[in-house]
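Trainee: The structure that follows is given in the form of structure tokens.
The values are calculated or read from the model by the stated rules, or taken from the named source; none is laboratory data. All values reported here derive from a predicted model rather than from experimental measurement. Note that we place each Cβ from the backbone using ideal geometry, even for glycine, and neighbour counts take in every protein chain shown. Areas reflect the complete protein model, heavy atoms only, side chains present, ligands, DNA and RNA absent. Shrake-Rupley method; radii C 1.70, N 1.55, O 1.52, S 1.80 Å.
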Amino acid sequence: MTIPYTHIDKLFIDGAWVASGEPARDPVINPATEEVIGQAPIGGRAEAEAAIAAARHSFDHGPWSQMSMKQRAQVMYRFRDALVENSDRIKALLTAEAGATFGIMNGPQFGGAMRALDFAIEQGLGMKPEMTPVEINRNPYDPRGHDMIGAASVEREPYGVVVGITAYNYPFFLSMGKIAPALMAGNSIVVKPSPFTPYSTLLFGEIAEAAGLPRGVLNIVTGGADVGAMLTSDPRVDLISFTGSDAVGAIIMAQAAPTLKKVHLELGGKSALIVRPDADVQASAMLALMCFTMHSGQGCALLTRYIVHNSVRAAFVATIKGALAHWKQGDPADPSVLMGPMIRAAARDKTERYVQLGLDSGARLVAGGKRPAHLQRGYFFEPTLFDDVDNRSALAQDEIFGPVGCVIGYDTDDEAIALANDSPLGLYGAVNSADKAQAYRMARRLRTGNVWINGGLNDLTVEVPFGGYKRSGVGREFGSRWLAEYMQEKAIVYPIG
Ligand code: NAD
């Protein structure tokens, strides 16, 4: 069966499908079967250059950047309609290209992306210029002169040319997270997806055509670090929104520094779930299990460090171990499968190395730790749980981005907070407890951008800001100031009368 959108063999630049001058193609692999699903075009410097030029020209000359929010919303609603019309095709692609299971594909991958698009449109429509109250002031230069009367308004304008660079794990959702706010705010954008998952972003070119988006406003180029480096250092680019690893985030910040771009970074995590002695152990164990197995652990915000009170630790571990027997792993195209593959062999190899490091550090392997015997093809790795983990070990400190959870015991709340915060990363945190006020107090002490209490909403909400402390990022995505991140503020001050 041909996978939808894998027919795309060109890049989308200046409103047209453009053949890449690079002769090589990127074989895109279904991670569950190891079959090549398409030969994606690889962009090079020439294509990056053309995309930046198109974005710059469209921004500087309009009409998109000069339209009202209402006018842009009309196009964005057509954009939305085209996505809905093609939802079955998009979902089939997400399963084959990213290894998304039924739940992941309907949840964060597609459902979350559509909620984000709706939210961006609504937020844009609700934006009004801020007005200061009329002020009567004494003449500051001549106290004998007339009093002065004046006011000011703060206008928001699109920022300019945006570059969006995304990771492979939630490719459609992540690209939507750049495209929707950037476009609704009136910017022009160049998007570069991960080389592992190019089609989930290239498809937006067809959607832009169907919606009648003016040319040059959305440009999509593929390629690796060389293309990314060019996009993030070019003086014609004003803002970078990046989602990926902290290592590449730091490189991007350096690449963008000479031209002083605004840089927005959504990076990795090694998030802690604190389970207090009065917590619902069953629910806590299921939350942990859901997190370290979800998308085979390939999620930035997943809770993968379990800081569990020593009085309930054995029950917590035993509950996860028992439930794992029913955790179906296999081809994500099967709707009953809960856990699919990892993206590539290299990601699985990395996970294997961390399992060995964990064993070497003296941690106790409770479950998993190897490739599943019944899945010979595909980049599968068993859901893996360690107990008796030293929080200072690599197993607990590094983002593995594989299906590995680690359990660390504690005795006092202060100790739990110290362990949770003893991490270079700070994306997510969670506290489970029957004492909700104490859980709230502890949530305030966690050095992370987001905290769940007793499972939070168990949903990826776009209404609240999302982002990280420390090496987990700079800036926030979503929330009430999402579009404002993609806009400049301009204060216009004037006398009255
Ligand atoms: P990665 O950092 O390896 O790559 C991300 C993107 O950066 C890719 O498109 C890649 O081609 C590009 N890139 C690489 N070198 C570059 C350079 N020098 N200049 C510009 N671009 C360059 O990340 P990945 O392996 O694709 O994804 C996994 C990482 O992403 C994890 O760390 C995960 O936590 C993180 N992530 C974060 C969030 C979030 O919202 N915080 C969401 C998803 C994934």
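Trainee: Does segment 251-289 hold any residues that are polar (S, T, N, Q), surrounded by fewer than 22 Cβ atoms within 10 Å (Cβ to Cβ) and more than 7 Å from the ligand (Cβ to nearest atom), and which are they?
Mentor: Answer for segment 251-289, where residues must be polar (S, T, N, Q), surrounded by fewer than 22 Cβ atoms within 10 Å (Cβ to Cβ) and more than 7 Å from the ligand (Cβ to nearest atom): T259, Q282.
Trainee: Next question. When you look at R481, is it more than 16 Å from the ligand (Cβ to nearest atom), open to solvent by 30 Å² or more (accessible area, probe 1.4 Å) and not assigned by TED's automatic domain parsing to the domain that holds S153, yes or no?
Mentor: Criteria not met by R481.
Trainee: Does any residue of segment 205-214 turn out to be within 12 Å of the ligand (Cβ to nearest atom) and acidic (D, E)?
Mentor: Scanning segment 205-214, I find no residue that is within 12 Å of the ligand (Cβ to nearest atom) and acidic (D, E), so the answer is no.
Trainee: I would also like to ask the following. Name every residue in segment 17-48 that is small (G, A, S), open to solvent by 40 Å² or more (accessible area, probe 1.4 Å) and outside any loop (DSSP other than H, G, I, E, B), in order of residue number.
Mentor: If the condition is that a residue be small (G, A, S), open to solvent by 40 Å² or more (accessible area, probe 1.4 Å) and outside any loop (DSSP other than H, G, I, E, B), then A46 is the only one that fits.
Trainee: Cβ contacts < 6 Å: first residue free of Cβ contacts under 8 Å to residues at least 40 places away in the same chain, restricted to segment 86-106; second residue assigned to a helix (DSSP H, G or I), any location; separation 6+ or different chain. Result?
Mentor: Cβ pairs passing all conditions: K91/M105; K91/F110.
Trainee: Shifting gears a bit: Being crowded, with 18+ Cβ neighbours inside 10 Å and within 24 Å of G228 (Cα to Cα), is that true of even one residue in segment 77-92?
Mentor: no
Trainee: Could you check segment 425-436 and list, in sequence order, the residues that are open to solvent by 10 Å² or more (accessible area, probe 1.4 Å) and out of contact with any Asp or Glu (no Cβ under 8 Å at 6 or more places or on another chain)?
Mentor: Y428, K436
Trainee: Pick out the one residue from T243, T232 that is more than 16 Å from Y168 (Cβ to Cβ), surrounded by 20 or more Cβ atoms within 10 Å (Cβ to Cβ), within 6 Å of the ligand (Cβ to nearest atom) and of a type outside the set (F, W, Y).
Mentor: Of the residues listed, the single one that is more than 16 Å from Y168 (Cβ to Cβ), surrounded by 20 or more Cβ atoms within 10 Å (Cβ to Cβ), within 6 Å of the ligand (Cβ to nearest atom) and of a type outside the set (F, W, Y) is T232.
Trainee: Do we find that T461 is within 16 Å of the ligand (Cβ to nearest atom) and closer than 17 Å to S271 by Cα in this structure?
Mentor: Answer is no for this residue.
Trainee: Of the residues F119, F110, F102, which single one is away from the ligand (no atom under 16 Å from the Cβ) and open to solvent by 10 Å² or more (accessible area, probe 1.4 Å)?
Mentor: F102
Trainee: Sort out which residues of segment 401-419 are more than 16 Å from the ligand (Cβ to nearest atom) and touching a Ser or Thr at 6+ places or on another chain (Cβ under 8 Å), and write them in order of number.
Mentor: Hit for segment 401-419 is C406, nothing else.
Trainee: Ok, one more. Suppose the filter is out of contact with any helix residue (DSSP H, G or I) (no Cβ under 9 Å at 6 or more places or on another chain), more than 16 Å from the ligand (Cβ to nearest atom) and not charged (D, E, K, R); does A314 pass it?
Mentor: Yes.
Trainee: What tally of residues in segment 322-334 results from selecting those that are in a loop (DSSP other than H, G, I, E, B) and either open to solvent by less than 60 Å² (accessible area, probe 1.4 Å) or within 16 Å of M294 (Cβ to Cβ) (or both)?
Mentor: 6
Trainee: Continuing with this model, one more query. Could you identify the single residue in L385, L359 that is open to solvent by 30 Å² or more (accessible area, probe 1.4 Å), away from the ligand (no atom under 16 Å from the Cβ) and at negative phi?
Mentor: Going through L385, L359 in turn, the sole match is L359.
Trainee: Please list, ordered by residue number, the helices (runs of 4 or more DSSP H) wholly in segment 365-447 having 3 or more residues that are closer than 18 Å to R471 by Cβ and assigned by TED's automatic domain parsing to the domain that holds A285.
Mentor: By residue number, 394-397, 413-421.
Trainee: Name the single residue that is farthest from F401 (Cα to Cα) among those in segment 151-171 being open to solvent by less than 20 Å² (accessible area, probe 1.4 Å) and more than 12 Å from the ligand (Cβ to nearest atom).
Mentor: A151
Trainee: Between residues in segment 127-147 that are under 27 Å from A73 (Cβ atoms) and residues that are in a loop (DSSP other than H, G, I, E, B) and aliphatic (A, V, I, L, M), which pairs lie under 9 Å by C-beta distance while being six or more apart or on different chains?
Mentor: Filtered contacts from segment 127-147: M127/A185.
Trainee: Next up: Have a look at V248, V227 and point out the one that is within 30 Å of S423 (Cβ to Cβ), within 15 Å of the ligand (Cβ to nearest atom) and not in a strand (DSSP E or B).
Mentor: V248
Trainee: If you don't mind, there's one more thing I want to ask. Considering each residue of segment 78-109, count those that are closer than 18 Å to H295 by Cβ, in a helix (DSSP H, G or I) and of a type outside the set (K, R), and give that number.
Mentor: Qualifying residue count for the region: 16.
Trainee: If you don't mind, there's one more thing I want to ask. Residue by residue through segment 205-226, note down the ones that are of a type outside the set (G, A, S), farther than 12 Å from F59 by Cα and either outside the structural domain of V28 (by TED's automatic domain parsing) or over 20 Å from the mean Cα position of the chain (by Cα) (or both).
Mentor: Result: E206, I207, E209, L213, D226.
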